[in-house]
Amino acid sequence: MKLSAMALAAGGVGNVLEWYDFGLYGYFAPVLGRLFFPSHDPLASLIGAYGGFAIGFAMRPVGGAVLGHLGDRYGRRFVLLLSVTLMGLGTTAIAVLPTYAAVGVTAPLLLLVIRLFQGFSVGGEFTGSVAYLVETAPSDRRGLAGSMANIGSTGGMLLAVGVAAATVTFASDAQLAAWAWRLPFVLGGVLASGAVLLRRRLKEVGAPAARSRELPLKRAVRHDRRLMVVTILFCSGYGVINYLTMVFFPVYAATFGGLSQGQALQVTTLAQALALAVVPLAGIANDAVIRRRTLLIVAFGAELAAALGAFLLARDGGLAGFAAAQLAFGILLALVMGTAPAMVAEQFPGAYRMSAYSVTFNLGLGIGGGTAPAIATALIDVTGFTLAPALYLMLAAGAAVVGALLMRDHSRSPLL
């Protein structure tokens, strides 16, 4: 069995769209907060916008259960085409959505409905692509193959922060509020069209549970309940770290560190570019040099140790301090992103791999990642302690370490 370039590209491209859209919403949260959740208190508007960010994740476990079931019953290609089509429709809908000034309370309600729709559609996107990539790769290349999904997600975040930085840099505040914020979401619709065309060329794989009457998710709960709980713990910590460091952190630096929004986004663009280069290297390393669990524990342990210092640099260190912290966060997160996909996908047998993986991953991301920016902002608002997000990040890193310790390590072993 050889790695297929077509499978690698098609597996990654949907994640470009998924994380482009979710990253874009996070980076434009201050603008969307003013347009859809107006308030005399800017922090309250930001919390409202991040609530919209979080609600998209609330539907991901539901989407994961439904799309994971379809993937186990009817094959991975079917789900990969369906999820990217639905996601593209949602992204395009945001681009044409009227604001609060035009239609009043209907505007935020419509935005929240679209976020729910998008959350459902991406519930099977990342996990479906990882399952496809890992299952079609040789045993000594599964780390690299699985990392392609996160190369896609990192590329999507890089594209999101780059487009956001360009938009806020070249558009005036008035233009940004009036129409410029819509253009990046239009681009998301274009990306979706390209992803559909590419994925139509994939060969179908999977559907190993088609002969069984028992639901794949029911089988997963019956056989691997403890492991599913452990995986949720791991993915929750991973999710908090992901969204605090790559989505919330630049907003934090602009809000509390005295940087302009453009400066913060430009630095984060550089960090995402660096991460994009490190992700495949981490995949190669955990295939040939270091076992997956060991690399994950090292990376999350370093996040725990660096969290407080990084937030201090973002708050008090100026542009140079923030840049050093953000680049360090980018490298550490890239080590995880190049390792975690294969590690988690390998936990479950093929008969219910996508169902178990989709539900646990999306519950973890929904509980941890989707709520992280809103919780971090609320912690500052309630406590008045601007370093509260660093403590939250440390808690998440500790949870991820515990989860990694309790998971099985199937590095380079045959798939279950």
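None of the figures in this text is laboratory data; all of them are computed from the coordinates on show. Please read these numbers as outputs of a predicted model, since none were measured by experiment. All Cβ positions, even for glycine, are placed from backbone atoms using ideal geometry, and neighbour counts span all protein chains on display.
Structural remarks
- Net charge over other residues, Cβ less than 9 angstrom from the Cβ of Leu415 (K, R count +1; D, E count -1): 0
- Counting 0.36 nm for each residue step from Arg200 to Ala302 and taking away their Cα separation leaves a gain of 32.6 nm.
- Relative contact order [Cα under 8 Å, 6+ residues apart], the stretch 1-150, whole percent: 38 percent
- Ranked by how many other Cβ atoms sit within 10 Å of their own Cβ, fewest first, the residues Trp181, Trp19 fall in the order Trp181, Trp19.
- Calculated FRET efficiency, Asp316 to Ile290, Cβ-Cβ distance, R0 = 35 Å: about 0.50 to the nearest 0.05.
- The mean sequence separation of alpha-carbon pairs under 8 Å and at least six residues apart, normalised by the residue count of the chain, gives a relative contact order of 28 percent.
- GNM remark for the chain: springs join alpha carbons under 10 Å apart, and the peak mean-square fluctuation among Gly237, Gly11, Gly262 falls on Gly262.
- Taking label points 7 Å from Cα along the Cα-to-Cβ direction, Asp409 and Leu391 give a separation of 3.3 nm.
- Spin-label zone in the stretch 311-336 - amide nitrogen under 19 Å from a point set 7 Å from the Cα of Thr169 along the C-beta vector: 319-324, 326-327
- Value at 222 nm in deg cm²/dmol, rounded to 500, when DSSP H runs of n ≥ 4 in the chain each add -39,500 (n - 2.57): -25500 deg cm²/dmol
- Residue exposure sequence - Leu158, Leu327 - by fewest surrounding Cβ within 10 Å: Leu327, Leu158
- Reported to the nearest whole Å, the Cα centre-to-centre distance from the stretch 402-416 to the stretch 340-396 is 19.
- Average projection, convex hull of the Cα set of the chain: 18.0 square nanometres.
- Spin-label pair Ala5/Leu327, simplified geometry with 7 Å Cα→Cβ offset, distance in nm: 3.3 nm
- Separation of alpha-carbon centers, the stretch 240-306 and the stretch 65-95, rounded to whole Å: 27 Å
- Distance between modelled label sites at Ala177 and Thr106, nm, 7 Å Cα→Cβ extension: 2.2 nm
- With neighbours defined as other Cβ atoms within 10 Å of a residue's Cβ, the residues Phe126, Phe28 order from fewest to most as Phe28, Phe126.
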